[in-house]
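One structure is given here, and the rest of the page talks about it.
The values are calculated or read from the model by the stated rules, or taken from the named source; none is laboratory data. Here the structure is a predicted model, which is why all the values come from computation and not from measurement. As a convention, Cβ positions derive from the backbone with ideal geometry for all residues, glycine included, and neighbour counts pool all protein chains shown.
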Amino acid sequence: MLLRICLYLFLLFLPANYTTTRSSSPLIPADPAAAMSSVCRQLYADMQLDSMVDYTAFEQAITGAQAIERRNKDIITLIDFTKPSTEERLYVLDIRHKRLLFSSLVSHGKNSGGNYATSFSNKVNSYKSSLGFFVTENTYQGKNGYSLVLNGLEKGINDRAKERAIVVHGANYCYFGQYLL
C-alpha cells in the first residue's frame, strides 16, 4: 500500500487552542489532540483551502510546526508530494491573516520518481528529495540562480539536507504548459 507522502517546509508556529477546564489553571488543554484538530479544521476552512490543499497534509504541517523553533511564526510553506509535479503543490500560507499568499509548481529530485515523487532519501548523491520538516537559512547566487538553503530538522530523515545541497531554486524544467515559472 502506497502511503501518501508530504513534505513540509516550515517557517511559522501556530499556538495550540487551549480551553478552560475544571482544573485550577484556565490554560490547561482539555484534550490537546482534539483541540489542535479543531484549530486545524477551522483554520483550513477560514483560509478556503478545500479545493487546493490536502487536509491531511495541512493538519500534519500545522501540528508539526508547533515543535519547531523559528523566528517567523506567521508564514508556513507546504509542499504536498501526493500531487503530481504537473500541478501546483507548493503553498505559502499566512496563518496570522488566514490567507494563501502563493502557490506554484515545484519539482522533486530526479531520482524521486516521474510525475509523482515516490522515493525519498537522506543519502548524499541519491538525487532524491527528502521528506520532513525544514527551516530556511541563507540565500545565495548559485548555478541555478537565486537559491535558498534548507536545514533539515529530522535526524535520519532529512538532517543531511545541507550536505546534500537540498535547496529551493528556480528551474527551467519546472513549467506549467507553455509557461515557464
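Considering (1) in a loop (DSSP other than H, G, I, E, B); (2) under 11 Å from the mean Cα position of the chain (by Cα); (3) modelled with pLDDT of 90 or more, the lone condition that residue 76 does not fulfil carries the number (1). Say whether the condition of being crowded, with 16+ Cβ neighbours inside 10 Å and farther than 23 Å from residue 53 by Cβ is met by at least one residue in the range 91-100. No, that holds for no residue. Residues that are modelled with pLDDT of 95 or more and within 20 Å of residue 127 (Cβ to Cβ) within the range 91-112 comprise 111, 112, listed in sequence order.
Scanning the range 5-59 for residues that are surrounded by fewer than 15 Cβ atoms within 10 Å (Cβ to Cβ), in a loop (DSSP other than H, G, I, E, B), of a type outside the set (A, V, I, L, M, F, W, C) and modelled with pLDDT of 50 or more yields 29, 31, 48, 50, 51. Of everything in the range 105-140 that's small (Gly, Ala, Ser) and over 21 Å from residue 151 (Cα atoms), which residue is surrounded by the fewest Cβ atoms within 10 Å (Cβ to Cβ)? Only one residue tops the list, namely 114. For first residues located in the range 95-117 and at positive phi, partners that are not in a loop (DSSP other than H, G, I, E, B) and lie 6+ apart or on another chain with Cβ distances below 9 Å form the pairs 98/43; 98/46.
Beta carbons closer than 9 Å, at least 6 apart along the sequence or on distinct chains, pair a first residue in the range 55-67 that is at negative phi with a second that is among the basic types (Lys, Arg) and crowded, with 16+ Cβ neighbours inside 10 Å for 65/73. Residues in the range 123-166 that are β-branched (Val, Ile, Thr) and free of Cβ contacts under 8 Å to residues at least 60 places away in the same chain: 124, 139, 149, 157, 166.
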